[in-house]
Ligand code: IPD
């Protein structure tokens, strides 16, 4: 179904983007990549290289999955841009649309065989920067379980075709909150400080190891809220649209758009309560 303009409901406009069609392409490609990822996992996985530091790893399968995804996108959408975790960006293309891809989100889980790793694909309009882009279509496939999360801007979110809705009316002290940690040790210690402040106030904290799945699980009600500093665009591009289309408010702090500075997601009431506590705990300190 076509989409036109920021936040617009799905409607038919000449020349508008067919976001539903893009989601269909994204789903086909993500499912194929997830099958590859799962097959390779059965054969055994090892670290191919490290990135920002020794714990920030890449496997050969991350690269193989991204190569496959890029090739399949290019075959169907030669005018679009590509922005992937392992190979970087190719600009916006001539269409103004960019495919933002994480070939395996949750790479450490993948290495250890913890069944929470996913292929994440989003199609965004405008500059491929989360502070400015408008996400149109998104698919996240848990490669271990085969679950398919999908969203279209203004058209809702589903898991395996079933509509998703975030939990609503959850008070902070009953809220199960997901979070994550980056790979930089100094930032990790600061992130642990935020968790320490929140732990006494919420039901509990989960650290799943895949931000894309955290956001989809939020959409499904498996957790009530999620926050993290330091996410890369490909970590949250698709999951954030799934969560938003399931009724979550997904933003940075103090009204900023979600970005690597901060991403907080929860249903409106819980979002405000968490925002207040996180800022009180120093979450808007930009020195980390
Ligand atoms: C990581 C995961 C993790 C989050 C990290 C990300 P990767 O992505 O999403 O949950 O806490 O910040 O870097 O490295 O597995 O693609």
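Just so you know, all these numbers are worked out from the coordinates, no wet-lab data involved. Small disclaimer: the values here were computed from a predicted structure and weren't measured. Here the Cβ is made from the backbone with ideal geometry for all residues, glycine too, and neighbour counts use every protein chain on show.
A few remarks follow.
- Volume of the Cα convex hull of the stretch 202-247, divided per residue and given in Å³: 73
- Here the stretch 122-154 is scanned for amide nitrogen atoms under 20 Å from the site 7 Å beyond the Cα of residue 43 along Cα-to-Cβ, giving 143-146.
- Gyration tensor verdict on the chain (Cα atoms; rounded if a/c is under 1.5, prolate if a/b is larger than b/c, oblate otherwise): oblate
- Modelled label positions at residue 50 and residue 67, each set 7 Å beyond Cα in the direction of Cβ, lie 2.5 nm from each other.
- Distance from the C-alpha centroid of the stretch 212-256 to that of the stretch 146-198: 5 Å, rounded to the whole angstrom.
- Cα gyration tensor, the stretch 100-167 - rounded (a/c under 1.5), prolate or oblate: oblate
- Between residue 131 and residue 35, the contour length at 0.36 nm per residue exceeds the alpha carbon distance by 31.4 nm.
- Global form of the stretch 12-163, assessed from the alpha-carbon gyration tensor, a/c cut-off 1.5: prolate
- Counting only DSSP beta bridges whose two residues both lie in the chain, roughly 80 percent are antiparallel.
- Burial ranking of peptide ranges 116-125, 131-140, 69-78, 51-60 (average Cβ count within 10 Å, highest at the top): 116-125, 131-140, 69-78, 51-60
- Inter-part distance where the stretch 76-125 and the stretch 23-50 are each reduced to a Cα centre, Å: 12
- Extension gain (nm, one decimal) between residue 160 and residue 272, 0.36 nm per residue minus Cα-Cα: 37.3 nm
- Highest mean first, the peptides 278-288, 143-153 sorted by other C-beta atoms within 10 Å per residue fall in the order 143-153, 278-288.
- Orientation-averaged projected area, Cα convex hull of the stretch 139-288 (nm²): 8.2
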